[in-house]
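Here is the structure we will look at.
Just so you know, all these numbers are worked out from the coordinates, no wet-lab data involved. All of these numbers come straight from a predicted model, not from anything done at the bench. Backbone-built Cβ (ideal geometry, glycine too); neighbour counts: all protein chains shown.
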Amino acid sequence: MTTFLNLVWRNHFPDEWRKAEIVPILKKRKPADSPDSYRPIALTSVFSKVFERLVLGRLQQYLDRFKLMSAEQAGFRKHRGTVEQVVRLTQEIKDGFHRKQSTLAVFVDFRTAFDRVYRRLLVQKLYRLGISGRLFASLRSFLAQRFIRVRYQDETSSFKQTRNGVPQGSVLSPVLFNIMIDDVISALSKVPGVNSLLYADDLVIWATSSSVPALESALNVALGHLSDWAKHNEMLINTLKTEFQLFTLSTKSHPVSLALDGDVLRQTNCATYLGIKLDSRLSWNAHAESNASKGTKRLGLLKRLTGVKWGASLDVLTLAYKTYVRPTMEYGNELLVTASDATVRKLDVAQNKALRTITGGAVSAPIAAMELQTGVEPQQCRRESAALAFSERLKRADVDFWETYTPASSRLSTQTTFLSKVESLRDEFSLTQTLQNPEQFPSTSNLAPRRTASYWTTLTMPVSKQNTPAIELKAAALETIHTRFPEGDWLRVYTDGSAIGARRNGGAGVYSVVKSIAAPVGSLASSFDGEIRAVILALEMLLSIDFSRAVILCDSQAAIVSLCTNTPTNSHDVLEGRRRLEQLLCGGATVVLQWIPSHVGIWGNERADALAKEGSQMPMPNTPISFTASRAFIRSAVNDKFDQGHRRSAEGKRWASLLIPADRVPPDLPRRESVAAFRYITGHDYLNAHLHRLGLKDDPTCSLCGSSAMTSDHLNDCPRLEDIKRSFSPDETNWSKISKLYWAAKTLMAEEP
């Protein structure tokens with residue numbers, strides 16, 4: 001395949017790669033008789049996609065190295081995203097509020113933007129960017145002579161040539177579209193005081209001032225520039241969907257009129273920008289309501305999966321909530337840290353409903369108990385973690401705006417900005433000093449190494465580390481080492497990493513007959529960071545000696561795969577390790593990485609482990625903190641705060657045992673047992689004593705025997721349930737016994753007059 005792809009690179013795109021088959025998919029709740037109701041899915045050659053990905057790597061590296069794309073464009077760019085654009089827009093709007101200013105914003109809708117790209121003009125723009133040689137020839141060949149056909153149900157059309165648009169379904173198309181639309185930013189920047197942001201074809205234009213008429217005038221001039229740009233680039237703007245909004249705290253009426261190409265634009269009080277609803281005061285009330293509504297609708301799935309006595313187990317329901325329901329409630333979560341408690345309470349209520357469905361808990365069951373049982377963090381915890389992690393991402397992204405922007409002084413307590421809230425959270429969790437040395441993301445795309453090392457993540461005998469005794473694992477590992485890497489033919493190098501609590505004070509260890517190394521990695525380095533650094537130290541040692549074949553024996557499969565594959569990574573250490581490996585391989589050496597199990601008594605591995613622990617005790621260097629390490633530290637700090645809150649809530653309570661993971665209801669219990677067990681642990685069980693506390697029963701006494709208060713504990717002594725207890729088998733679990741007693745009591749209660 002490599003030979004063939006090189007031929008394509010040196011010549012032109014094959015004709016078959018220029019063809020695409022379009023399969024229209026009907027959109028939700030759209031009329032089937034309208035062509036606009038269908039989403040076209042393009043099926044193209046797999047080999048073409050492979051080649052396009054290789055070309056994309058070179059194109060992206062060129063664009064990033066010379067910073068040829070506007071920083072205001074965030075679509076399809078590494079380390080950028082939709083939330084960043086909304087944060088920047090709303091930060092400037094709220095800073096305007098603090099300066100007693102208003103903001104006028106226009107949300108522009110391009111009509112079928114990707115399909116209207118004028119290819120000849122796109123090729124000219126590629127040339128003006130300095131793209132030349134084989135890269136330019138490949139891109140020009142890629143855009144020429146494109147054909148599509150449509151397959152709908154059992155019918156297929158003939159192929160028709162397309163004259164405009166970037167090819168649908170192509171790997172290259174998003175970046176090519178970015179190049180096509182990028183200069184709209186410079187066209188709009190000619191108007192003083194006007195700002196703009198792009199996410200692919202989602203364009204927002206705004207200006208901030210204390211004079212609304214001045215805003216109206218500036219935006220109308222900017223719209224004139226936009227119209228000229230669109231005509232020159234043969235783009236169409238949908239004036240029916242393009243709308244504007246005035247963000248102001250003023251209670252006075254401010255009539256505003258904006259027009260584009262003679263069409264008066266529609267004004268809105270709540271625009272949706274990149275999926276996030278923006279009300280005129282940025283209270284986030286509309287967005288929180290929208291997210292809560294979406295989550296509540298999806299809760300129907302959980303309810304269809306389970307009932308009180310039947311259905312999916314607790315672990316399945318929890319997984320369904322985390323992967324299907326919760327993501328819809330958390331889009332734009334970073335922004336909601338500035339919302340009021342009343343606003344975000346809607347999301348808390350939606351999550352609490354889900355927790356009651358998952359656990360089968362009573363309506364009065366403590367929320368903290370349900371969170372402990374399911375392992376679902378409070379929404380506030382996740383909002384704060386997301387906001388802090390996002391701020392760490394901004395510090396590492398190569399965007400000048402965030403490095404130079406000066407926010408307004410805080411004047412209004414009700415208008416907390418994102419940046420000021422993040423600073424207060426940093427102080428609250430004591431992160432300012434700890435995370436003061438961020439490691440920047442790699443600034444350019446990284447082309448695949450010319451050579452990658454061979455690696456093994458399995459032994460010669462099929463074994464499972466979790467299910468195999470240590471002595472058998474050791475025997476299998478030694479057999480693998482002696483069979484694949486005979487001592488006389490291979491230099492064996494053992495590596496290991498260590499960290500306190502797996503995420504603090506990382507150390508690296510290397511052991512071989514040539515040299516032993518112990519080294520510190522960093523105060524916030526994880527054990528994975530230690531593993532990677534240990535392999536790098538081993539590779540540096542190999543570069544300094546003469547050898548023909550060497551095997552690096554490492555007990556981290558994740559580290560091996562990261563170093564020996566071309567998976568995209570933000571880790572400078574992983575990139576450095578790949579470069580060291582390539583340097584050795586291109587120099588003629590043979591280097592293989594082999595996984596071995598840890599802590600099974602392999603001498604070399606035990607020595608490397610001891611050296612890594614020694615390294616973790618050394619004075620830590622002031623190394624830059626990776627994004628992964630900072631995110632893990634933030635999550636730990638925020639979770640610790642809420643863990644303390646759970647402990648305070650559980651103090652002296654019946655359900656305090658849920659603080660201990662081993663004492664929680666096993667997540668794989670049958671639904672009937674799981675619900676009974678959780679109600680038993682919490683004491684919120686709908687028995688008479690509980691109903692009496694809720695004011696629903698006059699008497700807490702057991703209505704079955706009348707001897708004492710009817711609690712879950714009483715059921716074991718209730719004479720009316722003796723037959724149930726006699727039916728218990730010797731090997732029956734305690735959870736099963738609790739379940740039988742509980743549901744028998746509930747049945748008898750239901751039969752009472």
Out of 101, 85, 46 - ranked by how far each Cα lies towards the positive end of the dipole of region 31-186, with unit charges on the beta-carbon of charged residues - the top one is 46
Of 425, 567, 14, which is farthest on the positive side of the dipole of the chain, counting Cα position, with +1 on Lys and Arg Cβ, -1 on Asp and Glu Cβ, and the Cα centre as origin?
14
Within region 581-608, what residues put their amide N at less than 16 Å from the label point 7 Å along the Cα-to-Cβ vector of residue 516?
602-608
Around residue 666, with a cut-off of 10 angstrom between Cβ atoms, what is the net charge of the other residues, counting Lys and Arg +1 and Asp and Glu -1?
-2
Label model pair residue 186, residue 43: point-to-point distance (7 angstrom along the Cα→beta-carbon line) in nm is 4.2
Can you run phi through the Karplus equation (6.51, -1.76, 1.60; θ = phi - 60°) for region 587-603 and list ³J(HN,Hα) in whole Hz, with x for Gly and Pro?
x, x, 7, 10, 10, 10, 9, 10, 7, 9, x, 8, 6, 10, x, 6, 4
Which of rounded, prolate or oblate describes the chain when judged by the alpha-carbon gyration tensor and an a/c cut-off of 1.5?
oblate
Those aspartates and glutamates that a straight Cα-Cα span of less than 18 Å connects to residue 474, excepting residues fewer than 8 apart in one chain:
487, 496, 555, 606, 609
For residue 297, go through the aspartates and glutamates and keep the ones whose alpha-carbon is under 19 Å away, minus same-chain ones fewer than eight residues off.
289, 330, 348
Vicinal HN-Hα couplings computed from phi for region 233-242 (Karplus, 6.51 cos²θ - 1.76 cosθ + 1.60; Hz; Gly/Pro x):
9, 6, 9, 10, 9, 7, 6, 6, 9, 6
Given 30/322; 19/49; 241/277, which pairs have Cα atoms separated by over 22 Å?
30/322
In what sequence, highest mean first, do 136-142, 336-342 appear when ranked by Cβ atoms within 10 angstrom?
136-142, 336-342
Tally the DSSP beta bridges in region 454-623 and give the antiparallel ones as a percent, rounded to 5.
45
What's the local net charge at residue 270, with K and R +1, D and E -1, over the other residues with C-beta under 14 Å away?
0
For residue 273, list long-range residues whose amide hydrogen, built 1.01 Å from N in the peptide plane, is under 5 Å from its own amide hydrogen.
278
Taking placed amide H atoms and a strict 5 Å upper bound, the residues 5 or more places from residue 150 or on another chain that come that close are 22, 157
Using 1/(1 + (r/R0)^6) with R0 = 25 angstrom and r between the beta carbons of residue 436 and residue 67, what's the FRET efficiency to the nearest 0.05?
0.45
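How much length would be gained if the chain were fully extended between residue 36 and residue 11, taking 0.36 nm per residue of separation minus their Cα-Cα distance, in nm to one decimal?
Extra length from residue 36 to residue 11 when fully extended: 5.2 nm.
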Amide H to amide H under 5 Å from residue 306: which residues, 5+ apart in sequence or cross-chain, H placed 1.01 Å off N in plane?
312
Tell me, what ³J(HN,Hα) does each residue in region 193-209 have, in order and in whole Hz, if you take phi through Karplus 6.51 cos²θ - 1.76 cosθ + 1.60 with θ = phi - 60° and put x for Gly and Pro?
x, 9, 10, 8, 9, 10, 10, 6, 9, 8, 10, 10, 10, 8, 8, 10, 6
Limiting things to C-alpha atoms, what are the Rg and the maximum Cα-Cα separation (Dmax) for region 289-428, in angstroms?
17.8, 59
Under 15 Å from residue 160, Cα to Cα: aspartates and glutamates that are on another chain or at least 8 residues apart:
15, 16, 21, 115
